[in-house]
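The next block holds one structure in the form of structure tokens; read it before the comments.
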Amino acid sequence: MSTKKQPKKEPTHGLRKPALKADRITFYSHPQAPLCLTHDVPSNSLVVTAFNSSSTSTSPAMSQATILNESSSAIHSLFSHTKVSPNRLVYITVGLMFEPASPKPFGGPKIRPGYTEYNGTTVASLVQYIVSASFKWYWACRGRDAIDFLTHNVNKARRLHYDGDADTLNELMLKGMKKAGHIEWNKPARIPDALQHRPEVEPNLDRYSVEFTPRMKGSGLQQNYILSMVGEVENHAGENFCLSKE
């Protein structure tokens, strides 16, 4: 009596099914607050501002196009308050943001991260892309991580500029230009004069100076000194001084 042999089954232990990766969707119990990027002049920083969208609000609702334009203008306004070209700081920002490890929509697989969707050729189009990509991700109910990520790196680029490490800044700028496709990867790049680093001290709105004239015995000469101070003015005995704001 013959018996039918069962087909041999391959062992399944150790085999993993490919994980299904889906974009995280955020569900809101209340309507999303309209957000916009603004240049906060007192703190010299880019901030995320939420506008009241309730029906009782007297302020007119902002369209999505207006939000994108206002946010792009805020970045340009912040970067215009330095001695270097705003374009340089935009490229430095992009050098910080365009990484596979960055949050979506900019990050993603190393073979094709999200930022490779950008195909513009101008700095204006680059700013428009990083702003619109961040806000469209938020409007698609995927959270505000992209907006916060953009805001953080814009402020970081400005802070690094005032730190003054020209080599690091130049490396980030060239990296941003290459990843944006504005210069070629495999060719040596020369930084044009318009994009060169120019060292400067970060302005401090609370900074005061004390100007005083010490009396020089026997010489009849007077010398002026400037002492930079923050906070209280120390009492210099025997010296005439006046408080003035720089």
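Which one is surrounded by the most Cβ atoms within 10 Å (Cβ to Cβ), of the residues in region 68-116 that are within 20 Å of residue 167 (Cβ to Cβ) and β-branched (Val, Ile, Thr)?
That would be 92.
Go through region 111-128 residue by residue and tally those that are in contact (Cβ under 8 Å) with a residue 40 or more places away in the chain and of a type outside the set (A, V, I, L, M).
Qualifying residue count, region 111-128: 6.
Quick test of your reading of the structure: residue 36 fulfils all but one of (1) in a loop (DSSP other than H, G, I, E, B); (2) modelled with pLDDT of 60 or more. Name the failing condition by number.
Status for residue 36: all satisfied but (1).
Checking residue 169 against (1) closer than 23 Å to residue 193 by Cβ; (2) free of Cβ contacts under 8 Å to residues at least 12 places away in the same chain, only one condition comes out false. Which one?
It is condition (2) that residue 169 fails.
Being free of Cβ contacts under 8 Å to residues at least 40 places away in the same chain and not in a helix (DSSP H, G or I) narrows it down to one of 65, 101, so name that one.
101
Among the residues of region 50-85, which ones are modelled with pLDDT under 95 and touching a strand residue (DSSP E or B) at 6+ places or on another chain (Cβ under 8 Å)?
Matches in region 50-85: 50, 51, 62.
The values are calculated or read from the model by the stated rules, or taken from the named source; none is laboratory data. Predicted, not measured: the structure shown is a model, and the values here were computed from it. As a convention, Cβ positions derive from the backbone with ideal geometry for all residues, glycine included, and neighbour counts pool all protein chains shown.
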